[in-house]
Amino acid sequence: MLSHRPPTWGSSSFSRTEPRARDTLRLETGMIKVEAKVWMTVLNHRLKLTLCPRGLAPLTQQDNFQSSWKQAVYNKVAQLSFSPSLLLAMGWDKAKTAIKQRILDTERQADLSKVTGFLAPDTCRFIVSCSAYLAQLEIPSHRRAFTLARCHALSSAILEGKYKKIPFMERLCPCDSGEVETIDHVLLSCPFYKDSRDRLISPLLLKYPGHSSQVYAKMLLSDDNRSFTYNVARFCGEACKIRRVLIAS
Ligand SMILES: [Zn+2]
């Protein structure tokens, strides 16, 4: 029976809000902004100038000239909830470590606040680290397909509709089911991928009856279980190929 219910997780948490790809990919890969890395270097350099002055550095310390660079450094230190005296009291090694950790924490929190539906095991949600599947999935096409699925960036009517400014509820799957082509539709109900689903997805979910498609989709894409991740990545790789062929024919 065709379902015309409003899309759930696949659409509500991600597709409706359309996550910022840069923020999502930084969270996926455990990377931080170049600007944040530059600040680490700048603050470390400033610490070195003060704690281990060499060459002309002692003379610059005696100079009363108020440079905008110096002010920007003080502002950044305050923004990170440090004070110059506290950092100097820590000494070089501790201050360097504390600055790095504070910047990583700040960046992670800023990205998580923008990508509220980010999928990650609770154990690493607040740690700047690369998602496990990026190292564990050895076949590049599987890795790519899984990344696209987690970022809701698989080729779909959702994505095409975004750029053509088609109303969300009209971004229907080409399978003629009348459903919006959300990621949970692709994973759980699209007839295009039934064979792959029966082989790779359904056996995983048999142990967890009675949950909503929202919960199932999150379970499948959370990268919390290695065997789930492997099967879902294979499924997504096959789905990409099947859709490409069906759309072209
Ligand atoms: Zn479909």
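The values are calculated or read from the model by the stated rules, or taken from the named source; none is laboratory data. All values derive from a computational prediction rather than experimental measurement. Backbone-built Cβ (ideal geometry, glycine too); neighbour counts: all protein chains shown. When the accessible area is computed, the model is the full protein with side chains, heavy atoms only, and any ligands, DNA or RNA have been set aside. Shrake-Rupley method; radii C 1.70, N 1.55, O 1.52, S 1.80 Å.
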Extension gain (nm, one decimal) between residue 114 and residue 29, 0.36 nm per residue minus Cα-Cα = 29.0 nm
Net length gained if the chain between residue 57 and residue 72 were fully extended (0.36 nm per residue, minus Cα distance) = 3.5 nm
Computed for the chain: size of charge dipole around the Cα centre, +1 on C-beta of each Lys and Arg, -1 on C-beta of each Asp and Glu, debye to nearest 20, value 600 debye
The chain: angle of helix 68-79 to the longest principal axis, Cα-based, in degrees nearest 10 | 60 degrees
How about region 105-201: which trypsin sites (Lys or Arg not before Pro) there are in a DSSP loop, with at most 10 other Cβ atoms within 10 Å of their Cβ?
-> 165
Would you mind checking the tilt of helix 34-51 against the longest principal axis of the Cα atoms of the chain, expressed as 0 to 90 degrees and rounded to 10?
-> 20 degrees
Say R0 is 30 Å: what FRET efficiency, to the nearest 0.05, do residue 134 and residue 48 get from their beta-carbon distance?
-> 0.30
Choice from 24, 60, 106 with maximal GNM fluctuation in the chain (Cα, 10 Å cutoff) = 60
Heavy-atom surface of the chain, accessible at 1.4 Å and reported per residue (Å²) | 58 Å²
Return a single number: how many Lys pairs in region 31-119, at a sequence separation of 8 or more or on separate chains, have alpha-carbon atoms below 16 angstrom apart.
-> 12
For region 89-109 and region 42-57, what is the separation of their C-alpha centers, rounded to whole Å?
-> 17 Å
Helix 92-114 versus the longest principal axis of the chain: what angle, 0 to 90°, nearest 10, using Cα atoms?
-> 30 degrees
How large is the dipole of region 31-119 about the Cα centre if only Lys and Arg carry +1 and Asp and Glu carry -1, each at its Cβ, rounded to the nearest 20 debye?
-> 120 debye
Ignoring any ligand, DNA or RNA, what whole percent of the accessible area of the chain comes from carbon and sulfur when the probe is 1.4 angstrom?
-> 58 percent
Once the piece of chain linking residue 93 and residue 194 is laid out straight, how much longer is it, given 0.36 nm per residue of separation minus the C-alpha distance between them?
-> 30.7 nm
